[in-house]
């Protein structure tokens, strides 16, 4: 018996997991390729708003992505959770470990498991894990999958060393930097100036270049033109890499 709509179920999952539509789309990329089913932001927006109902293929894709049962996602009074098989989990982590742009620790977060417990050991004992541990492993799997797809959109990773770009970026967050970009006035770049490295908004005129923080507690750095010291824009900041919850 139906007790809800797919729209209701999607909104429930998004609220429970603090997901945005873009998060669902990114997490679905692996399954889109594996299942040969396409999903775009317009489709998803219509499903979330209730304007359209997803067809059977799209329900299968979304259920796989969100780790829920198809029946539950369709609004039926059915068990909610659907977990990945061990082989699927192994495939996730194998794919991430093969990435040539992301250095990821193969050990699961130490706060949840013993220091010497590897992902492989955890997955092999998956059936014995408590529900919360299973859910954490699945969430971690999704984060790594998303990171592996993000790798195609950037060239290097820069670590934020201060809070000058709050509230957008915080200390120790890992930011994605691309070398291929069209310079745009006022956007955020990774800059080398003299012997220092900055992550700042860049503004300029015929007299000077200004490196501007978002956080007013940090000073604006003004560099006079013509340049009298080393200055280089290394790349453009295109986002941050998510970390395990």
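Values quoted throughout were computed directly from the atomic coordinates according to the rules given, and no laboratory measurement underlies them. The shown structure was predicted, so the numbers you read here are calculated from the model rather than taken from an experiment. Reconstructed Cβ throughout: ideal geometry from the backbone, glycine too, with neighbour counts over all protein chains shown.
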Exposure proxy order (Cβ contacts within 10 Å, fewest to most) of 200, 26: 26, 200
Least to most buried among 69, 87 (fewest other Cβ within 10 Å first): 87, 69
Average silhouette area of the stretch 201-245, convex hull of alpha-carbon atoms, in square nanometres: 4.9 nm²
Along principal axes, Cα extents of the stretch 6-73, largest first, whole Å: 27, 23, 22
Per-residue Cβ neighbour rank within 10 angstrom, fewest leading, 14, 161, 1, 176: 1, 161, 14, 176
Interatomic Cα distance distribution for the stretch 156-240, bins of 5 angstrom, percent: 3, 15, 26, 27, 19, 8, 2
Cβ-Cβ FRET estimate between residue 4 and residue 125, R0 fixed at 30 Å, reported to 0.05: 0.30
